[in-house]
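Here the structure is laid out as structure tokens; the discussion comes afterwards.
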Amino acid sequence: MKIALLGPYPPPYGGTSVHVQRLKERLEKEDAACVVYDYSGVPKKAPGIVTVRNKAIWFLAQLFHSPADIIYCRGYSPLALISLSLLAAAKGKKVIIAPGGFLFGDRPIGLCHKLAFLLAAKTRVYFVAESLKSKAIILSLGIKPENIEEEVIPGFIPPYVKEGEIAQIAPEVWDFIGSHSPIVTANAFRISFYNGQDLYGIDLCIDLCANLKMYYPEIGFVFCLPDIGDYDYFYKMREMLKDKDIEGSFLFVTKPCPYYPILRKSDVFVRPTHTDGDANSLREALHFKVPSVASDAAARPEGTILFKNRDAEDFTLKVKHILSNYESYKKKLKTLRSEDNFEKILRVYYKLVG
């Protein structure tokens with residue numbers, strides 16, 4: 001089977017790019033011929049990775065003659081969907097779109113998006129939804145039930161633990177982890193805002209660290225932020241650390257690197273997002289049996305402890321309760337079954353190519 005994967009490829013490290021990376025690795029272990037068309041904007045020289053510069057035009061020009069049996073696009077934009085729909089119509093390609101769990105969030109759906117989905121419905125593009133909410137949105141935009149995978153398939157694919165990826169973590173990060181206890185971690189692709197508030201809850205993480213330090217003087221908080229984005233807000237958060245006198249207890253990791261080696265050394269993972277889709281990092285934490293606390297802003301997987309969205313006091317109470325009853329929470333997580341979503345995606349591929 002020949003497969004073209006369209007999406008970002010790390011670095012930078014984010015939920016979508018890591019999904020594409022792991023999907024490529026697993027497909028190659030199945031002896032599938034796989035090429036990634038990387039639209040992250042960061043050039044790569046790795047084998048099987050092709051840099052895409054102009055998504056819409058490039059999709060049509062380069063993929064028109066592609067020998068791929070399946071074209072799988074991870075992520076969504078109206079231009080990409082229109083381009084791939086035209087490609088499916090012109091060449092009869094099997095095109096799969098996995099738009100992600102967030103999709104439109106709570107924003108109104110504009111005319112451009114509606115037209116893109118209307119064209120996709122006419123050309124029988126196939127969709128894979130990460131969440132029930134995402135699936136409902138796709139169906140509401142005119143995609144017929146037979147053109148969307150019946151089963152919701154989250155984007156998380158378990159990693160292969162590699163010494164080379166563990167070695168990418170800077171020594172100062174390991175030094176910080178080794179000299180603090182307990183270790184709480186969180187991550188974000190880049191600083192973003194939703195309805196005027198910190199999307200990933202960096203401010204809440206700083207409040208949490210300050211509150212917990214009264215009970216755990218040696219606490220360490222590691223926040224992975226591979227793409228800072230908004231430097232003004234980042235410096236504001238650094239000032240917040242100074243004001244709360246926790247500079248030595250809170251570490252920002254801004255060098256792009258795999259997150260799972262740090263996550264595996266965590267005592268607690270937190271996901272205080274203001275809104276969310278199906279978070280890969282949360283599923284990864286549960287996969288590694290790391291007790292996890294997340295906002296109630298979205299549907300969360302089994303095993304997650306929820307706190308009231310944007311409520312720093314409730315956030316602190318939930319994390320403190322885990323730390324106070326740690327072995328009990330670890331024992332519960334050991335009974336959770338971790339699903340391998342790669343096998344589900346592979347079944348979709350085989351179903352479409354017969």
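Please treat every number below as a calculation from the coordinates, not as lab data. A quick note: this is a predicted structure, and the numbers were derived from the prediction, not measured. Counting neighbours? That spans all protein chains shown, and the Cβs are built from the backbone with ideal geometry, glycine included.
Its Kirkwood hydrodynamic radius, worked out from the mean inverse distance over all distinct Cα pairs, puts region 254-354 at 15.0 Å.
Under the rule a/c < 1.5 gives rounded, and otherwise a/b versus b/c splits prolate from oblate, where does region 138-186 land using the Cα gyration tensor? Prolate shape, in that a/c is at least 1.5 and a/b is the bigger ratio. Each residue of region 163-334 gets 110 Å³ once the volume of the Cα convex hull is shared out per residue. Build a GNM of the chain with springs between Cα atoms under 10 Å apart, and of PRO99, PRO108, PRO291 the one that fluctuates most is PRO108.
Distance between the pseudo-spin-label points of LEU352 and VAL50 (7 Å out from Cα toward the beta carbon): 1.7 nm.
Between GLU302 and ASP227, full extension at 0.36 nm per residue minus the direct alpha carbon distance yields a gain of 24.1 nm.
Which log10 I(q)/I(0) values does the chain give at q = 0.06 Å⁻¹ under the Debye formula, counting every alpha carbon as one identical point scatterer? Debye intensities relative to I(0), on a log10 scale: -0.23.
Which of rounded, prolate or oblate describes region 205-270 when judged by the alpha-carbon gyration tensor and an a/c cut-off of 1.5? Here region 205-270 falls in the oblate category.
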